[in-house]
1. In segment 28-47, which residues are surrounded by fewer than 11 Cβ atoms within 10 Å (Cβ to Cβ) and either under 10 Å from the mean Cα position of the chain (by Cα) or at pLDDT below 90 (or both)?
2. I need the full set of residues from segment 48-63 which are surrounded by fewer than 15 Cβ atoms within 10 Å (Cβ to Cβ) and either modelled with pLDDT under 85 or closer than 16 Å to residue 12 by Cβ (or both), in order please.
3. Residue 22 versus (1) under 20 Å from residue 9 (Cβ atoms); (2) at pLDDT 80 or above; (3) in contact with a helix residue (DSSP H, G or I) (Cβ under 9 Å, 6 or more places away or on another chain): which is the lone unmet condition?
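The values are calculated or read from the model by the stated rules, or taken from the named source; none is laboratory data. Note that the structure is a prediction, hence the values are computed from the model and not measured. Here the Cβ is made from the backbone with ideal geometry for all residues, glycine too, and neighbour counts use every protein chain on show.
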């Protein structure tokens, strides 16, 4: 039932569409672009007065995308 309600919200539908291409985020430039889109999308949803659940989902996706974009910068272990 919660899934049906989430799909009725246009912001949740757009978030699902953005995250459908998340498998491409192994490419650093694409991961950075996704992070920037999610940051802009979060501010747009806040301005439009989206629900707390929707803003939480966008925030979690933005946080996860931010961590994924940092992955290439971690140092390689010795002997690699």
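1. 29
2. Answer for segment 48-63, where residues must be surrounded by fewer than 15 Cβ atoms within 10 Å (Cβ to Cβ) and either modelled with pLDDT under 85 or closer than 16 Å to residue 12 by Cβ (or both): 48, 49, 51, 52, 53, 56, 59, 60.
3. (2)
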